[in-house]
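Where a number appears in this text, it was derived from the coordinates with a stated rule and is not lab data. Predicted model only: the values in this text are computed from it and were never measured. We place every Cβ from the backbone using ideal geometry, glycine too, and count neighbours over all the protein chains shown.
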Amino acid sequence: MAEETNKDPLHGVTLQMMLEKLHGKYGWDGLAARIRIRCFDSDPSVKSSLVFLRRTPWARAKVERLYLQAFVPRKKRPGARPAAGKAAGALATAAPPTEPARTRPAEAAPDAPSIPSPIRTLRLVLAPIDRSYADDIFRFFTPAVTRYMYPKPPEALSETLAFIDGSVTTNTSGRSLQVVVLDGATHEFLGCAGLHGIDTPRPELGIWIKEAAHGHGYGLEAIAGLVDWARANLSFEYLSYPVDKRNAASRRIPERLGGIAVREMKELNKSGFELDEVEYRIQCSKSAGEPSGLAAGAST
Ligand SMILES: CC(C)(COP(=O)(O)OP(=O)(O)OC[C@H]1O[C@@H](n2cnc3c(N)ncnc32)[C@H](O)[C@@H]1OP(=O)(O)O)[C@@H](O)C(=O)NCCC(=O)NCCS
């Protein structure tokens, strides 16, 4: 009574078939935003990409993973887990979204990719985090950047990889939206941002930008992009933005987005430094005086 059917969802699917189908769905720009390899970015073609992918197992593995996420129903994927809740369904929707997820049942897209789609703002791409950004994150998450943050800089690359793996897990299960902030034109790594607890009524925002890129409006634009995304895709009471009172640049971000300071708290961060924080809350609907279009780059 041996089971005859081949359980490998990639059985009979050639690399070329995968690539052509992925290209049809995402285009070269969308592929380059999801998998950072030069052949998707610079003068891309199926032929040149195949040459590279056939010689580069790690890149091929990423293409196969994306194909599974995009086209193979979750229950048929290797190591499949039960479908995630509403937020995971929401994450599967390409951004910028056109339809609020709160009106869309999770079951509506059973075959949807389980990783979030990149969010585009005028100058940035907010791409779901993955291991290909480990070197950048390790390099730029410095003591100066973490001064007013809870985490401390990693001492070894393995710590960064563990953070990324944890983020991928919470992203794919619909509990967070942890992204890297990239220059929309060059895909230069600029920093990280996140919405944590997106399956709860009070998701929390977080952001850091590498020092060399401070002061160009990227932090504000990235958070505005996440807030817009949350308003369109999630049902929440408010978005929480805790920030140290001395962190003037960071405080400006929720203030620009209509956030109201509601409570204060103190805690030791992982470096042993006492944070003296205030929590801003950004409401689900835009407040009266809130400027529009910040995520579209109007951060003057
Ligand atoms: C906080 C942080 C993300 C801001 O990012 P950024 O891209 O440098 O900030 P922006 O250029 O978008 O500026 C945001 C606002 O802060 C203001 N600002 C920028 N630098 C400032 C500074 N040194 N002092 C006071 N205000 C400053 C900007 O003028 C802008 O306000 P405005 O729109 O009213 O003009 C960035 O400084 C950072 O990564 N810091 C280290 C990590 C961190 O503290 N993260 C936040 C934890 S809550």
> Among the residues of segment 287-300, is there at least one that is within 13 Å of the ligand (Cβ to nearest atom), within 22 Å of the chain's Cα centre (by Cα) and assigned to a strand (DSSP E or B)?
Replying inline: no
> Within segment 164-185, how many residues are among the hydrophobic types (A, V, I, L, M, F, W, C), surrounded by 19 or more Cβ atoms within 10 Å (Cβ to Cβ) and farther than 20 Å from Ser240 by Cβ?
Replying inline: 3
>> It is to be established whether one or more residues within segment 191-210 are under 12 Å from the mean Cα position of the chain (by Cα), of a type in the set (Val, Ile, Thr), within 9 Å of the ligand (Cβ to nearest atom) and not in a strand (DSSP E or B).
In response: no
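Kindly indicate whether Ala224 is within 13 Å of the ligand (Cβ to nearest atom) and over 21 Å from Thr146 (Cβ atoms). Let's see the steps before the verdict.
Values: within 13 Å of the ligand (Cβ to nearest atom): yes; over 21 Å from Thr146 (Cβ atoms): yes.
For Ala224, the condition - within 13 Å of the ligand (Cβ to nearest atom) and over 21 Å from Thr146 (Cβ atoms) - is met.
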> Mind checking which residues of segment 177-190 are polar (S, T, N, Q) and more than 16 Å from the ligand (Cβ to nearest atom)?
Replying inline: Thr186
> How many residues are among the polar types (S, T, N, Q), surrounded by 13 or more Cβ atoms within 10 Å (Cβ to Cβ) and not in a strand (DSSP E or B) if we restrict to segment 234-286?
Replying inline: 5
>> Among (1) without any contact (Cβ under 8 Å) to a residue 12 or more places away in the chain; (2) away from the ligand (no atom under 13 Å from the Cβ), there is one condition Ala248 misses while meeting the rest; what is its number?
In response: (2)
> Given Val168, Val181, which one is of a type outside the set (Phe, Trp, Tyr), over 26 Å from Ser285 (Cβ atoms) and under 12 Å from the mean Cα position of the chain (by Cα)?
Replying inline: Val168
